[in-house]
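> Before we start, here is the structure in question, set down as structure tokens.
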Amino acid sequence: MAYKRSELMEKRLAGNRERILVAARRLVAAGGYRNAPITAVAAEAGVSTGLIYRHFPSKAELFVEVLTFAVEHELEILAAIAGEPLPAPQRLQRAVASFVRRAMAGPGLAYAFIAEPVDPEVEAERIRCRRLFGDVFKRILEDGVRAGELPAQDLDISAACIVGAFTEALVGPTAPSRDGLRDGEHLVTAISALCLRAAGATLSH
């Protein structure tokens, strides 16, 4: 007869998994992936390292899930901005600005998403997530072109370039050394203005 887990056991396993993920997210947000070795995650979650490996066969798989969770949250925010009843250039500016502000508020997590050296599996997930961001910006650009607010352009390339621009501009300011760190709102304004110009628009003042 096959062993069947009880409902209580299932809840306990799900609770342990969530505790592990919350602990890993907290450590990554505080200091990037380098701050979250499995031993530290286990201590933070109050579980054994063996239990972590029961849920996540490798550290890379754990980090992929942490990254995916963070990106899904960002996508919800950006998608909400993309759907606002505003001119496309204004939505573009708001979307970029909101991402930059959150990155500066949580530089550890932002750097982990953008540029921290990681295992190939995590890097593959980062690339996938950037494409998802690109899809949101493509929607804004498409609306702008259709409404005559932006010039005709290759939407896929433009969206990818915009995502590449604001993420690359955040590498120095979010890195552990905080190279290039400057006034946060100046950064928001400068990056947003560049992305608007790249799309062929300017934000009226």
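> Can you give the Rg/Rh ratio of the range 81-182, where Rg is from the C-alpha atoms and Rh is the Kirkwood radius?
Using Cα coordinates only, the ratio equals 1.01.
> From the helices alone, meaning DSSP H stretches of at least four residues, give me the mean residue ellipticity at 222 nm for the chain, per-run term -39500 (n - 2.57), in deg cm²/dmol to the nearest 500.
The helix contribution divided over the chain gives -24500 deg cm²/dmol.
> How much length is gained if the chain between Arg101 and Ala79 is pulled fully straight, taking 0.36 nm per residue apart and subtracting their Cα-Cα distance, in nm to one decimal?
Length gained between Arg101 and Ala79: 6.3 nm.
> What ranking do 90-97, 148-155 get when scored by the average of other Cβ atoms within 10 Å per residue, highest first?
Answer by packing, highest mean first, reads 90-97, 148-155.
> Grab the Cα-Cα distance for Ala124 and Cys161, subtract it from 0.36 nm times how many residues apart they are, and report the gain in nm with one decimal.
11.5 nm
> Between Tyr53 and Arg131, what length comes free when the chain is fully extended (0.36 nm per residue of separation minus the Cα-Cα distance, one decimal in nm)?
Residue separation times 0.36 nm, minus the Cα-Cα distance, leaves 25.1 nm.
> If you roll a 1.4 Å probe over the range 23-65 with all protein chains in place, what percent of the accessible area is carbon or sulfur?
Carbon-and-sulfur percentage of accessible area, whole number: 53.
The values are calculated or read from the model by the stated rules, or taken from the named source; none is laboratory data. As the structure is a prediction and not an experimental result, all values here were calculated from the model. Note: ideal-geometry Cβ built from the backbone for every residue, glycine included; neighbour counts use all protein chains shown. Surface accessibility is based on the protein's heavy atoms, side chains included, excluding ligands, DNA and RNA. Shrake-Rupley method; radii C 1.70, N 1.55, O 1.52, S 1.80 Å.
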